[in-house]
Amino acid sequence: MVDISVSGMRDARTRGASPLVGNILMVAVVLVIAMVLVTLSLTLLEERGTPTAEASFEYEQTAAGVEMTPRALGTDVVVLLNGRRVTTFDAGSAGTSQLVPTAPGDRITVVSEDEDRSVLVEKEIDDRSEVGDFLAYYTFDTGGNTVVDRSGNGNTGTLESDGGAGPTWAGCGLSFDGQDDHVFVDDISSPVDVTEFTFAVTYVQRSSGSGGSISQLVEHRWSGNEWFFETDGGNPYHVDYAVEYPSKTVSSADSLRYGEEHTLVGTYDGTTYTLYLDGQQVASGTHNRAVDMGDMRFGRDFESTNQYLDGTICEARLYYTAFDESKVETLVSAMSG
């Protein structure tokens, strides 16, 4: 005879129910984890934007290069000019324009800003109408006895020396020895009458040259007038930007040191002239004068055979238009190493 007690029946029910309850709890835990993962995934996608290949732009010529305006974007993107980051667009920024300071032969690449870095757009600049109001553009990477003008205006420079071997191709571009090296650009040509200008140069100064504390980066002269960039002082030193010497000159602080790479931009709109150092405005003045084209020299003063540059010039650009602060910032991004 089998004895089935009430307590035995209760124990049996309890033991039989345990696996069922355990399974229910496991399912509940899995569902909670899944919900958390889905929530996190959606949050990450909202923060970063879902990567997509959808990216189309309109391109418009401006005085400083191509202005890009997105028609459609599905993700945040980075715009590269010859592999160098110059600007960005956020997803949903359709209709907002950004400048890209293009030159002949440049390549624009648009990549997604997510970890995949997918290439969404590639465009090569091969049309003179897409390069802005260039007068001259030198990358100092061609070799030989001339400095090629990439603007398409034919303003080629000639390597010269006052008794030595002349500039050499080294470092980021063209190296000057501080003794007798310079580059001469004869009679700069322009497709239009020039009433304003912007000049930008990236350089590294090694020391003061043989002519004393002043070293000439570039000087341009016409009809008895001139504008120039020159450095002055020891280590640290400052930069002078003049649109009419000596009365119309502005200067940076004595904060630059030998061996550092810097990008200088000087603009003149017919009334105001402004000096930028590495994209930051450091000085400005007012002046009213005519502007015309003439001769230009890198690495030496025109009026005397001194003020030689001991350093390297990496890149130089001359435009026949004035730049505002935002255009200067983008230009410096394209030129800085």
From the option list 81, 73, single residue qualifying as over 30 Å from residue 269 (Cβ atoms), surrounded by 15 or more Cβ atoms within 10 Å (Cβ to Cβ) and touching a strand residue (DSSP E or B) at 6+ places or on another chain (Cβ under 7 Å) is 73
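Does residue 115 qualify as being in a strand (DSSP E or B), at pLDDT below 95 and outside the structural domain of residue 299 (by TED's automatic domain parsing)? Write out each step before concluding.
On the way: in a strand (DSSP E or B): no; at pLDDT below 95: yes; outside the structural domain of residue 299 (by TED's automatic domain parsing): yes.
So residue 115 fails the test.
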Yes/no for residue 265 being of a type outside the set (Asp, Glu), over 21 Å from residue 204 (Cβ atoms), surrounded by 15 or more Cβ atoms within 10 Å (Cβ to Cβ) and in contact (Cβ under 8 Å) with a residue 24 or more places away in the chain: no
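Which members of the stretch 90-111 meet the condition of being among the small types (Gly, Ala, Ser) and either under 19 Å from the mean Cα position of the chain (by Cα) or assigned to a strand (DSSP E or B) (or both)?
Residues of the stretch 90-111 that are among the small types (Gly, Ala, Ser), as a first pass: 91-95, 97, 103, 105.
The answer is 97, 103, 105.
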Strands (runs of 3 or more DSSP E) wholly inside the stretch 214-273 that include at least 1 residues being of a type in the set (Lys, Arg) and closer than 25 Å to residue 327 by Cβ: 248-251
Name the pairs: first residue in the stretch 128-144 and within 16 Å of residue 160 (Cβ to Cβ), second residue modelled with pLDDT under 85 and not polar (S, T, N, Q), Cβ to Cβ under 9 Å, at least 6 apart or on different chains? none
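For (1) at positive phi; (2) free of Cβ contacts under 8 Å to residues at least 12 places away in the same chain; (3) acidic (Asp, Glu); (4) surrounded by fewer than 17 Cβ atoms within 10 Å (Cβ to Cβ), each residue gets a yes or a no:
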site	(1), (2), (3), (4)
214	no, no, no, no
220	no, no, no, no
236	no, no, no, yes
244	no, no, yes, yes
Of the listed residues (112, 151), the one being more than 22 Å from residue 327 (Cα to Cα) and among the polar types (S, T, N, Q) is 112
Give me a count of the residues in the stretch 295-337 that are in a loop (DSSP other than H, G, I, E, B), over 16 Å from the mean Cα position of the chain (by Cα) and polar (S, T, N, Q). 5
Picked from the stretch 189-210 (must be of a type in the set (Val, Ile, Thr) and at pLDDT 80 or above), the residue nearest to residue 256 (Cα to Cα) is 204
Among the residues of the stretch 163-188, which ones are under 17 Å from residue 262 (Cβ atoms) and either acidic (Asp, Glu) or surrounded by 24 or more Cβ atoms within 10 Å (Cβ to Cβ) (or both)? 174, 176
Counted residues, the stretch 125-165 - those being of a type outside the set (Val, Ile, Thr), modelled with pLDDT of 90 or more and outside any loop (DSSP other than H, G, I, E, B): 7
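Looking at 292, 278, 254, 240, which one is on the phi < 0 side of the Ramachandran plot and in contact (Cβ under 8 Å) with a residue 24 or more places away in the chain? Steps first, please.
Details: 278 fails: on the phi < 0 side of the Ramachandran plot; 254 fails: in contact (Cβ under 8 Å) with a residue 24 or more places away in the chain; 240 fails: in contact (Cβ under 8 Å) with a residue 24 or more places away in the chain.
Every option except 292 fails the conditions.
The values are calculated or read from the model by the stated rules, or taken from the named source; none is laboratory data. Only a predicted model underlies this, so the values are computations on that prediction, with no experimental measurement involved. Cβ coordinates were reconstructed from backbone atoms using ideal geometry, including for glycine residues, and neighbour counts include every protein chain displayed.
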